[in-house]
Amino acid sequence: MKSFDELSLKEIVDEVQDGFILGIPADYSGVPMKFTKELIKKGVKNLKLYCLPLTTIQGDMLIGSGCVSEIEAAAVTLGEFGMAPRFSEAVENGKILIKDSTCPALHAQLQATEKSVPFMPLRGVIGSDIQKHRKDWHVIQNPMRSSGVREEPVLLLPAVQLDILVFHAPCSDRNGNIQIGRRRELATLAHASKKVFVTVEKVLDIDFFEDELSAATCLPALYVNGISIVKNGAWPCALPGVYSSDNEEIKKYSLAAKTKEGFGEYMKYCL
Amino acid sequence: MNLNIQREELLISQLADLLKNDKHVAVGAASPIPGAAALLAKEEAKFLNKRLRVTILHSNKYNNFTDGARELFDCAAQGRIDTFFLGGVQIDGQANINLVGTGKYPKIKKRFPGSFGSALMYFVVPQIVLFREEHSPRTLVKKVDFISAPGVSEKDVYRPGGPKYLLTNRALFRFNKNLQKFSLYKINEKETVKNLIKLTGFDFDVDNKISQMPNPDTNRINILRNKIAPMVSEFYPEFANRIWGI
């Protein structure tokens with residue numbers, strides 16, 4: 001039935017090397033939590049997290065577990081459950097480097113890689129302290145005669161390529177195409193990543209390309225290096241359209257992670 | 001009839017009043033009160049035979065986008081969003097907002113989540129409503145410790161959008177772009193101008209049309225509690241549970 005060989009979760013985890021730039025999906029686009037816990041167990045170090053555009057419990061857990069040296073994000077938060085405590089503590093004590101950004105800039109940097117151009121322009125941002133502290137960003141005067149306002153200052157952002165992306169999705173078809181629905185930012189992430197691995201709830205014995213609707217809402221297998229079936233793989237985060245987040249569990253985490261000791265206890269229980 | 005209007009319901013009502021001329025309102029992260037206000041304004045627009053489009057980013061149901069998370073920013077940059085809401089750990093007298101933290105960046109004392117999309121949205125959405133419940137000298141400051149997005153820009157910077165209002169649980173300010181200054185527009189019935197001067201870290205003017213924040217009438221409260229509250233619980237379940245017990 002399947003035209004691809006399914007991987008084990010361990011095989012995906014083993015693809016992640018120390019120091020890699022790891023793509024992190026937002027809480028609404030399929031957070032690979034089972035994978036993340038296995039990654040923590042493995043004890044990977046010095047990861048650079050690239051969040052599109054933010055992270056919640058996934059980033060906080062990785063930071064609290066000492067797996068991260070750098071993070072580029074527009075926000076790290078537990079949403080309705082308040083601040084991401086391990087992230088805040090790590091930044092306040094200088095344990096990790098945070099490259100503060102803003103959502104559209106994080107998208108644009110990956111879009112540059114999608115198009116294989118060295119940079120992408122963006123409006124706004126000029127005059128903020130975000131821009132002031134980003135030495136990798138540049139402001140130029142608009143050189144175009146026929147579009148925009150001539151000489152208008154415009155921000156240029158460098159193309160960013162990810163080493164690896166892992167996300168969780170509802171299903172793949174028998175050919176390894178992944179259903180992502182309207183979460184098109186997953187396609188942006190995938191296009192801009194050297195390697196892409198996906199954990200899925202299930203594999204369907206159909207071909208998404210036989211139907212216009214399912215073809216339009218999938219990430220083609222050509223961008224995917226491997227798939228592993230992981231039931232409930234986003235828990236306690238939501239898998240949009242399939243299950244909602246386990247708010248009790250996230251609340252439990254938010255309280256436990258307020259202290260280093262509490263976080264340690266929680267991780268012992270959850271790993 | 002005593003409606004026992006809650007503080008959050010009063011704020012929702014104030015925000016809904018600011019959306020009356022809009023065609024498209026978008027609501028970003030961590031914004032249950034603006035989210036409820038936008039849905040309330042949409043519902044009330046129907047009675048006037050008007051159509052208000054509402055996009056709530058953290059909802060699957062009340063979300064008009066299919067092109068991924070970047071569509072909000074592209075859509076805003078195209079001028080297709082009339083009102084958006086932004087908050088701030090600190091907001092200063094020039095309407096600069098700080099969502100990053102306190103202390104001298106990058107060695108900050110207290111770290112908050114981050115700037116989200118503010119650094120673009122503040123520039124391109126015509127009506128930005130700043131919303132911060134806590135009205136105190138630590139939230140409304142003379143000068144923010146970090147500018148996530150500036151309140152005003154140099155003349156040559158592309159900026160069709162910017163701050164129009166600032167709502168706290170004590171007052172509503174209007175922002176005067178030319179003077180680069182807030183003016184006090186409406187105050188909570190329990191407040192005095194004198195007390196607000198004490199509780200505000202920046203200097204502000206007092207509008208000559210200053211009035212009390214009106215309480216929502218029975219009609220509005222009924223719509224909010226019966227129709228809007230269950231909608232809010234889809235995307236902010238904790239909030240809906242705390243305020244309306246659903």
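With Cα atoms defining each centre, the stretch A:34-81 and the stretch B:215-246 are spaced 34 Å apart in the structure. Can you tell me what percent of all Cα-Cα pairs in the protein assembly as shown are more than 35 Å apart? The calculated P(r) of the protein assembly as shown puts 35 percent of pairs beyond 35 Å. Look at where the Cα atoms of the stretch B:65-108 and of the stretch B:13-27 average out, and the two centres are 18 Å apart. Highest average first, the peptides B:202-208, B:165-171 ordered by how many other beta carbon atoms sit within 10 Å of their residues are B:165-171, B:202-208. In order along the stretch B:13-29, phi translates into HN-Hα couplings of 5, 4, 5, 4, 4, 7, 9, 5, 9, 8, 10, 9, 10, 10, 10, x, 5 Hz, rounded to whole numbers, per the Karplus curve 6.51 cos²θ - 1.76 cosθ + 1.60 with θ = phi - 60° and x for Gly and Pro. Among B:Lys190, B:Lys177, B:Lys61, the largest mean-square fluctuation in a Gaussian network model of chain B, built with springs joining Cα atoms closer than 10 Å, belongs to B:Lys190. Averaging Cα coordinates gives a centre for the stretch A:131-168 and one for the stretch A:212-238; these two points are 30 Å apart.
Compactness of the stretch B:112-212 was expressed as the Cα radius of gyration divided by 2.2 N^0.38 Å, which yields 1.09.
Cβ-to-Cβ counts within 10 Å put A:Cys270, A:Cys51 in ascending order as A:Cys270, A:Cys51, the fewest first. Computed from the alpha carbon positions, the gyration tensor of chain B leads to an equivalent ellipsoid with semi-axes of 26, 23, 18 Å, biggest first. Kirkwood-type hydrodynamic radius, the stretch B:186-246: 14.4 Å, calculated from all non-identical alpha-carbon pairs. If you wrap the stretch A:162-271 in the convex hull of its Cα atoms and look at it from every side, the mean projected area works out to 7.9 nm².
The convex hull of the Cα atoms of the stretch A:93-199, projected and averaged over all directions, covers 9.6 nm². Putting +1 on Lys and Arg Cβ atoms and -1 on Asp and Glu Cβ atoms, find which of A:Gln131, A:Trp235, B:Ala171 reaches farthest to the positive end of the dipole of the protein assembly as shown. Highest projection toward the positive end goes to B:Ala171.
Amide H contacts for A:Asn177 (H built 1.01 Å from N in the peptide plane; partners 5 or more residues away or on another chain; cut-off under 5 Å): A:Ala221. In a DSSP loop and with at most 12 other Cβ atoms within 10 Å, the GluC sites (Glu not before Pro) in the stretch B:87-187 are B:Glu134, B:Glu154.
The modelled label-to-label distance between B:Lys198 and A:Glu6, using points 7 Å beyond Cα along the C-beta direction, is 6.8 nm. Along the axis of the charge dipole computed for the stretch B:12-110 (Cβ charges of +1 for Lys and Arg, -1 for Asp and Glu, origin at the Cα centre), the listed residues B:Gln78, B:Val54, B:Asn98 are led at the positive end by B:Asn98. In summary, the lysines within cross-link reach of A:Lys115, defined as a Cα separation below 19 angstrom excluding same-chain residues under 8 places away, comprise A:Lys194, A:Lys195. For A:Leu97, the amide hydrogen comes within under 5 Å of the amide hydrogens of A:Glu70, A:Ile71, counting only partners 5 or more places away or on other chains and with H modelled in the peptide plane. Computed about the Cα centre, the dipole magnitude for the stretch B:10-149 is approximately 320 debye when only Lys and Arg (+1) and Asp and Glu (-1) carry charge, each at its Cβ.
Against the empirical 2.2 N^0.38 Å (N residues), chain A has a Cα radius of gyration ratio of 1.04. Remark: the stretch B:140-246 carries a charge dipole of roughly 220 debye about the Cα centre, counting +1 on each Lys and Arg Cβ and -1 on each Asp and Glu Cβ.
Looking at chain A as a GNM with Cα springs under 10 Å, which of A:Val200, A:Val125, A:Val224 has the largest mean-square fluctuation? Of A:Val200, A:Val125, A:Val224, the Gaussian network model singles out A:Val125 as fluctuating most.
Taking GluC sites (Glu not before Pro) across the stretch B:162-246, the ones in a DSSP loop with at most 12 further Cβ atoms lying within 10 angstrom of their Cβ are B:Glu189. Too long at a 20 Å Cα-Cα cut-off: which of A:Lys2/A:Lys231; B:Lys142/B:Lys181; B:Lys20/B:Lys164; A:Lys95/B:Lys104; B:Lys190/B:Lys227? Cα-Cα > 20 Å for B:Lys190/B:Lys227; rest within. Please check: in the Gaussian network model of chain A (C-alpha springs, under 10 Å), which one of A:His107, A:His138, A:His191 has the largest mean-square fluctuation. Maximum fluctuation in the GNM of chain A, among the listed residues, is at A:His138.
FYI, it's all coordinate maths here, none of it is from the lab. Being a predicted model, the structure only gives us computed values, none of them experimental. Reconstructed Cβ throughout: ideal geometry from the backbone, glycine too, with neighbour counts over all protein chains shown.
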